[in-house]
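In what follows, a single structure is set out as structure tokens and then discussed.
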Amino acid sequence: MEKERTFVIIKPDAVQRGLAGEIISRFEKKGIKIVAMKLVSVSKELAEKHYEIHKGKPFFEPTVKYITSSPVIAMVLEGINAIDMVRGMMGKTDPQKAEMGTIRGDLGQFIGRNIVHGSDSKETAEFEINLWFKTEEITKYKRIDEDWLTE
Ligand code: IDP
Ligand code: MG
């Protein structure tokens, strides 16, 4: 079982609505390790780089505006199969379509205010972690429950 790293954003609406603790708590309880975390006022430049694969789509400009509208919490998370696991915990992009029990399904109502971001592949995770964090901001430690999450 391979440990992976993924990049997560608690988006402006979630921070403003006081949902950051609840979201972090879900990851903690799942046994996912936070290896880096910071509160960031996102520049237009960073937002455009982060969403560059969506450039030209109708939601590109509104999404850049949304992510730069108020601080976000950026995190690097680690766990077994973390990329897909975290995407699963978040639910579908549109909170109206996301299953109940997922972060978006439980906490959101509208695709343009969908609470969280999570990397969608190994390549994207690597790109996003390098875009948002310096190597020295990523910590190395062992969580006390790690030995109890696998055989
Ligand atoms: P994802 O965040 O689930 O990976 P993507 O398709 O990669 O979804 O879209 C990136 C982000 O752009 C979404 O999380 C959402 O904030 C925004 N977005 C995507 N599609 C729409 C749309 O149809 N209307 C408004 N915003 C959208
Ligand atoms: Mg995406």
Which is surrounded by 16 or more Cβ atoms within 10 Å (Cβ to Cβ), under 20 Å from residue 68 (Cα atoms), more than 16 Å from ligand 1 (Cβ to nearest atom) and of a type in the set (Phe, Trp, Tyr), of 127, 133? 133
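Given the criterion more than 20 Å from residue 19 (Cβ to Cβ) and of a type in the set (Ser, Thr, Tyr), identify the matching residue among 68, 124, 102.
Details: 68 fails: more than 20 Å from residue 19 (Cβ to Cβ); 102 fails: more than 20 Å from residue 19 (Cβ to Cβ).
When all the criteria are applied, what remains is 124.
Looking at the stretch 136-151 only, could you name the residues that are surrounded by 13 or more Cβ atoms within 10 Å (Cβ to Cβ) and under 13 Å from residue 78 (Cα atoms)? Before you say what the answer is, go through the steps one by one.
If we filter the stretch 136-151 for residues that are surrounded by 13 or more Cβ atoms within 10 Å (Cβ to Cβ), which is where we start, we get 137-138, 143, 146, 149.
Within the stretch 136-151, 138, 143, 146, 149 qualify.
Do we find that residue 87 is touching a residue at least 24 places away in the same chain (Cβ under 8 Å), of a type in the set (D, E, K, R) and within 11 Å of ligand 1 (Cβ to nearest atom) in this structure? Explain how you work it out, then say what you get.
Working: touching a residue at least 24 places away in the same chain (Cβ under 8 Å): yes; of a type in the set (D, E, K, R): yes; within 11 Å of ligand 1 (Cβ to nearest atom): yes.
In short, yes.
One line per residue, one yes/no per condition, for (1) among the aliphatic types (A, V, I, L, M); (2) touching a Gly at 6+ places or on another chain (Cβ under 8 Å):
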position	(1), (2)
11	no, no
42	yes, no
61	no, no
66	no, yes
Selection over the stretch 104-114 where residues are over 12 Å from the mean Cα position of the chain (by Cα) and part of a helix (DSSP H, G or I) yields a count of 3
So, of the residues in the stretch 1-59 that are without any contact (Cβ under 8 Å) to a residue 40 or more places away in the chain and of a type in the set (Ser, Thr, Tyr), which turns out to be farthest from ligand 2 (Cβ to nearest atom)? 25
Search the stretch 92-115 for residues being aliphatic (A, V, I, L, M) and out of contact with any Lys or Arg (no Cβ under 6 Å at 6 or more places or on another chain), and hand back the single one that is farthest from ligand 1 (Cβ to nearest atom). 100
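So which residues in the stretch 124-151 are of a type in the set (D, E, K, R) and under 15 Å from the mean Cα position of the chain (by Cα)?
Just the residues of the stretch 124-151 that are of a type in the set (D, E, K, R), to begin with: 126, 128, 134, 136-137, 140, 142-143, 145-147, 151.
Within the stretch 124-151, 126, 128 meet the criteria.
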Among the residues of the stretch 62-86, what is the count of those that are within 16 Å of ligand 2 (Cβ to nearest atom) and farther than 16 Å from residue 5 by Cα? 6
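Read-outs: derived from the displayed coordinates by stated rules, not from any lab. In this text the structure is predicted, and so the values were computed from the model without any measurement. Every residue, glycine as well, gets a Cβ built from its backbone with ideal geometry; the counts of neighbours run over all protein chains shown.
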